[in-house]
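Colleague: Mind having a look at this structure? Questions to follow.
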Amino acid sequence: MAKGQQTTKRVAKKQSEIISMGTELCERMLSDLERAKRPILTATKCSLDNSLYSPKVGYLTPGNKKVSSELNVSSVKKMSRAIFMLEILLRNVEISNINTKRELYYVAKGLVKHESKLRPLDFQDQDESDSVIDFICEMMEAYREELNCVADDRGGQTYSKQLVVVETELDGNQSTVDLSTLGTAPYQPKNRPQNLQLKAKSKIDFCLIIESQGTANTLVANGFTKRHNCILIGAQGVPSNAVRAWVRRIQEQLRVPLYFFGDLDAYTMQNIYRTLKAGSAASLIRNSDFCAPEVKFLGVLPEDIAKYDLVDYPVKESDLQEARALKKARDALTNDPFFKDKKNKDLRAILDWLVKNKRRCEQQSFISVDPRDPQMMEKILIDKIKSGNYID
Amino acid sequence: MAKKQVKKVTKKVSVEDDSSAEVISRVRKSAKQITTSSTAEYFAKNLQQVGFSSPVKAVLTTLKEALDNSLDACEDAGILPEIRLQVEKLGPGTLKNTDQIRIYVEDNGPGIEPEDVAKVFGEYLASSKFGRGRCSRGQQGIGISAATTWAMQTTATGARVVTKTKNARKAFKCVVDMDLKNNKGVLRDKTNVDWTSPHGTSIEFKLDGRIQLNGEGGLLNYIRSTVLLNPHMTLHYEITDVAPNTVERVVNTVPVVPQATEPHPHTMKLGEFMSHARLFGRTKTSVWLKRGFSRVTDKVLQDLVNQKGLKRKVLDSFVDALPDEDFKALFAAIQAVELLPPATTSVLSVGEDGLALSIRRLGDIDFFAVLSRKPVICDFKPLQVEVAVARLRERRGEDNEEPVQVLRFANRVPLQFDKAACAIVKAITSVNWRAYGLKQPRNALPLGPYIIAVSVVSPFIKFKNASKETIDASDELVEELRRALMQTGQRLSRYLSREHKAGELEQRVQHIEQFGPILVETLGRILGASEERKQAATAGLAKILEKDTKGIKKDLADAEGRLATYLEEKKSRLSGFFEGLEQEDQLTGTDVVAAVPSKPASKAGKEKV
């Protein structure tokens, strides 16, 4: 285990707890000001250089580094904005109101519009208000969902003939969704998966998370979920909070093997798979509930290219995004504790291969193995699962 | 071309398999068809090559050529130029989408002798300036003749000229037409008239064109640019749709155009070298080399013999009797021998004094920096670069994201077209202006309410085309321009840094006033705190922030102190300018190279250009 890494399971904060934390913070600041002492706001530093990783914990956790902001002429604006936004969030928690970040941006804009004294606080764009909300979360070490600020439920559309979901709503009512009754339509998981209870009608053999939502749809349309007792999820690119928490819920409650299938490129390896498996540096304080350390990397593996004669192509370094991903991959090999850990040496080897060979291969290339066979991708995936051709 | 035609005919004949007698006869016949055209005919058919490629350019080029000639004439005669200029729309033109335009330029120059009028305005390549190696605006003697040709082609009227020399009792008035066949000017309607000025020349053209006032290729931009680089000129101008205006001179001395130096042997080709020798007739080769070239001394002649193996007898022979082989040997030896680089004394600049005074005529500017680099040898030619950067007060404040305005000059003539390929623009875009406090997108011109004026002066400027619109971007020239721009940028940034500090202080004081009460009020609201607590917190907050403000005030004072020391250092270098300013404007805290005018530069009742 990495030095200083915490292992205790985080307990979700209750509404009353959030309110008292916010009030205490404000009380401390006001008292300091009364004594002409500079108030200091301290938050956990959420960055790679403050990330710890241990295979026993399974995800990135924060180190001891903190970011402190002392009140002075430069920070007075930032602090005023933070306290202004905190007031809105605490009120939301009090009255059980939920808002997205975008909505909070407009709530703040509305208050500023109707109160001329607040005009200097006005946010020029949503990025400004988003960073204030993130700062508050890091300061209170609270999830934004605990502050009733939810994200759009993007990605994670789920298909299964065996899975049943029981959702406890905010008013206490329960509703049950049997995914087998939805036909080819998906189930959309929520940002607050803590309210979901999962059951299996019959044995589920595995859960497959596909990077591309479109490819997941194709597999379902071709009868993948009819032929296999499984859960099939489309991640839709970088996994959102909803996807990360949803897969974590499946890992904890159903105890089924989890496999991720995506492109063979630096971006997928670092930004998609690593985030799903071990969380991200930007969300250090929430990784404990928002990643699934047991998820395995099914492919595309470098050896698959030769084995299945896949279509691959060189990385275009003129493409800004690809060049950036490649540079980030080089940094990850030296700085990312996840890839530096011995347990993940096979994943590190893939990243190394990508950096050296500067080639990439997309998940859809499995279709090209036999374009006349609509089940070709399915056959390869099942073959890989059965033969253990994946990285743990 | 002739060769090509003959070749073509020969080929055709051989294909047809005619008898050899017939072939010879046909070749002879076709050879008879090869004719010679005059220079005038060539230019008449290719006016687009000399700046007449569109109706807008036709007006601008005509005006430019007339004004350049006037300024050159005044400078050559040591007269402070006073120019009257009129551009007016007379009615529809004969060409599609054009107007008939009258262009009139009058100067107080020395005047032209009547017998020279036809040559000056009606003959191509008839010039007193061609290849003489001086930094005059005109060089080849093409421009004004091209304007006459354009006027004749579009309105069938030549140039109307009135000119009077100092000693003449009356002015000579005539119309100059072009005889294209013979490249000659033809004078008609010759008369002698009374003229109020003691000497001078006026020229009037009626031609088809279109007046464009604004934009980079606009007349106003041209006038603005000409005014900047000619601080010794007074200009009265009347242009259709623009109020008549006068821009007074700010310098009362006429720039002396330095005499040309003898050519440098390393700048010559073999043919040129041999032709140059013929000008000297029966002269010893050693004497010819020393008199006919710069940087050739007795020691160089010794080196030619001792180091480069040239036979001594070549230097002792008469140059007109030197066989071609000896010429070739001499040329090779002199190219190989080490010589001092060409002299830079033939370069004429406006100078930082003149630029500093002149830039204030461009508009209401609140800051400027000027720089004159020392003359250097660039691409083996003497050359000098001058840069002026000014910030326009009227365009400030409104988030100005427009690219800066670039004014380009070659030998004090504004360049207004084909900006992208020009060495000056390439140099400006290659400088990192962000380091000097300006916004700049990648590989583009910087943004903001600035004018960047760059002047290149050299007796041999390499233009990309005959119309002299773009300076060729050689690596050496771009590097020299970059250095000048970076030095100006550094001067600019000293001022901007002080301004930035002052702005920062103001912003921070504002922050305290704005955010302090909000912070306390919000905390009080969340906690439901009493009025007493809130007042105590407000007082505590004020104390904290006051400490911070003191620190920034100290920083600002330091920055101002550094700027003052810097200005003091530079003051002695340009004392003339300071005296002028003290008398005129009573400027305080100004710098010649980085100055802040205390009031708008224009005089009452006169508009900016």
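The values are calculated or read from the model by the stated rules, or taken from the named source; none is laboratory data. As the structure is a prediction and not an experimental result, all values here were calculated from the model. Every residue, glycine among them, receives a Cβ derived from its backbone with ideal geometry; neighbour counts consider all protein chains shown. Please note that ligands, DNA and RNA were not included when accessible areas were found on the heavy atoms of the full protein model with its side chains. Shrake-Rupley method; radii C 1.70, N 1.55, O 1.52, S 1.80 Å.
Colleague: Relative to the longest principal Cα axis of chain A, at what angle does helix A:241-254 sit, 0 to 90 degrees, rounded to 10?
Modeller: Approximately 60 degrees, to the nearest 10.
Colleague: Have a look at B:Leu383, A:Gly237, B:Ala557 and report the one farthest towards the positive end of the charge dipole of the protein assembly as shown, computed about the Cα centre with Cβ charges (Lys/Arg +1, Asp/Glu -1).
Modeller: Checked the options; the winner is B:Leu383.
Colleague: Is the C-alpha gyration tensor of the stretch A:144-238 telling us rounded, prolate or oblate? Criteria: a/c under 1.5 is rounded; beyond that, a/b larger than b/c is prolate, otherwise oblate. Intermediate results must be reported in sequence, preceding the final value.
Modeller: Working: a/c = 2.39, a/b = 1.37, b/c = 1.74.
Oblate shape, in that a/c is at least 1.5 and b/c is the bigger or equal ratio.
Colleague: For A:Lys37, which aspartates and glutamates qualify as cross-link partners when the Cα separation must be under 14 Å and same-chain residues fewer than eight apart are set aside?
Modeller: Leaving aside aspartates and glutamates fewer than 8 places away in the same chain, those within reach of A:Lys37 are A:Glu27, A:Glu70, B:Glu546, B:Asp548.
Colleague: For the stretch A:87-232, which whole percent of the accessible surface, found with a 1.4 angstrom probe, sits on carbon and sulfur atoms?
Modeller: That share works out to 47 percent.
Colleague: For the A and B pair, go ahead and give the buried accessible area with a 1.4 Å probe, both sides summed, in Å² to 100.
Modeller: Protein heavy atoms only, the A-B interface buries about 2500 Å².
Colleague: Among the residues of the stretch A:64-83, which ones have their accessible area go down by 20 Å² or more when all the protein chains sit together, as opposed to their chain alone (1.4 Å probe)?
Modeller: Buried by the other chains: A:Leu71, A:Val73, A:Ser74, A:Val76, A:Lys77, A:Ser80, A:Ile83.
Colleague: Given points 7 Å out from each Cα along the Cα-Cβ axis, report the B:Ser197 to A:Lys65 separation in nanometres with one decimal.
Modeller: For the pair B:Ser197/A:Lys65, the computed spacing is 7.5 nm.
Colleague: Hey, another quick one. Only Lys, Arg, Asp and Glu count, each charged at its Cβ (+1, +1, -1, -1), so figure out the dipole size of the stretch A:352-392 about its Cα centre, rounded to 20 debye.
Modeller: Working: 8 positive and 7 negative charges, 45 e Å.
Here the size comes out at about 220 debye.
Colleague: Hey, another quick one. Looking only at the stretch B:156-198, which residues have a backbone nitrogen under 20 Å from a spot 7 Å from the Cα of B:Glu238 in the C-beta direction?
Modeller: B:160-163, B:194-198
Colleague: Rolling a 1.4 angstrom probe over the protein heavy atoms, how many square angstrom per residue are accessible across the protein assembly as shown?
Modeller: Ligands and nucleic acids excluded, the figure is 46 Å² per residue.
Colleague: When the chain is fully extended, how far beyond the present Cα-Cα distance does B:Glu476 get from B:His500, taking 0.36 nm per residue of separation?
Modeller: Values: separation 24, 0.36 × 24 = 8.64 nm, distance 3.47 nm.
The B:Glu476-B:His500 span can extend by a further 5.2 nm.
Colleague: Another one. Using a 1.4 Å probe over the heavy atoms of the protein chains, calculate the carbon and sulfur portion of the accessible area of the stretch B:303-345 as a whole percent.
Modeller: 52
Colleague: Using the Karplus equation 6.51 cos²θ - 1.76 cosθ + 1.60 (θ = phi - 60°), what ³J(HN,Hα) coupling, rounded to whole Hz, does each residue of the stretch B:415-432 give in order, writing x for Gly and Pro?
Modeller: For the stretch B:415-432, the Karplus curve yields 10, 10, 10, 6, 5, 4, 8, 7, 4, 5, 5, 4, 5, 4, 5, 7, 7, 8 Hz.
Colleague: Amide H to amide H, which residues 5 or more places from A:Val67 or on other chains are under 5 Å from it, using H placed in the peptide plane?
Modeller: A:Ala43, A:Thr44, A:Lys45
Colleague: Along the charge dipole of the protein assembly as shown, which of B:Ser430, A:Tyr59, A:Leu254 sits closest to the positive end, that is, farthest toward it, with unit charges on the beta carbon of Lys, Arg, Asp and Glu (+1, +1, -1, -1)?
Modeller: Value: B:Ser430.
Colleague: With only Lys, Arg, Asp and Glu charged, each at its Cβ (+1 for the first two, -1 for the last two), find how big the charge dipole of the protein assembly as shown is about the Cα centre; round to the nearest 20 debye.
Modeller: On the way: 151 positive and 129 negative charges, 408 e Å.
Charge dipole, the protein assembly as shown, about its Cα centre: 1960 debye, nearest 20.
Colleague: If the chain between B:Lys166 and B:Leu220 were fully stretched, how many nm would it gain, using 0.36 nm times the residue separation less the Cα-Cα distance?
Modeller: Full extension from B:Lys166 to B:Leu220 adds 16.2 nm.
Colleague: Something else: Would you be so kind as to list the residues of the stretch A:24-51 that have their accessible area lowered by at least 10 Å² in the full protein complex compared with their chain by itself (1.4 Å probe)?
Modeller: Residues meeting the cut-off: A:Cys26, A:Glu27, A:Met29, A:Leu30, A:Leu33, A:Glu34, A:Ala36, A:Arg38.
Colleague: Compute the distance in nm between two label points, each set 7 Å from the Cα along the Cα-to-Cβ direction, one at B:Asp555 and one at A:Ser16.
Modeller: Output for this residue pair reads 4.8 nm.
Colleague: So, with a 1.4 angstrom probe, what is the percent of accessible area on the stretch B:437-558 that is carbon and sulfur?
Modeller: Within the stretch B:437-558, the accessible surface is 48 percent carbon and sulfur.
Colleague: Name the residue from B:Ala243, B:Leu207, B:Leu219 whose Cα lies farthest towards the positive end of the charge dipole of the stretch B:193-243, charges +1 on Cβ of Lys and Arg and -1 on Cβ of Asp and Glu.
Modeller: Of the listed residues, the answer is B:Leu219.
Colleague: Continuing with this model, one more query. Rounded if a/c is under 1.5, else prolate if a/b beats b/c, else oblate: with a ≥ b ≥ c from the C-alpha gyration tensor eigenvalues square-rooted, which is the stretch A:210-326?
Modeller: oblate
Colleague: Let me ask something additional. Which of the residue pairs A:Lys117/B:Lys534; B:Lys501/B:Lys550; B:Lys57/B:Lys374; B:Lys89/B:Lys464 have a Cα-Cα distance greater than 22 Å in the structure shown?
Modeller: Over 22 Å Cα-Cα: B:Lys57/B:Lys374; B:Lys89/B:Lys464.
Colleague: How far is helix A:126-140 tilted off the main Cα axis of chain A, in degrees rounded to 10, range 0 to 90?
Modeller: Tilt of helix A:126-140: around 80 degrees.
Colleague: For B:Glu338 and B:Arg393, what does the FRET efficiency come to when R0 = 51 Å and r is the distance between their Cβ atoms, rounded to the nearest 0.05?
Modeller: For B:Glu338 and B:Arg393, the calculated efficiency is 0.45.
Colleague: How are the alpha carbon pair distances in the stretch A:348-392 distributed across 10 Å bins from zero to the largest one, expressed in percent?
Modeller: 23, 39, 34, 5
Colleague: Enter the accessible area of B:Arg26 (Å², nearest 10), with the probe set to 1.4 Å and all protein chains included.
Modeller: 100
Colleague: Moving to a separate point now. What is the calculated FRET efficiency for B:Val186 to B:Lys464, with r their C-beta to C-beta distance and R₀ = 35 Å, to the nearest 0.05?
Modeller: Details: r = 34 Å, r/R0 = 0.96.
Approximately 0.55, to the nearest 0.05.
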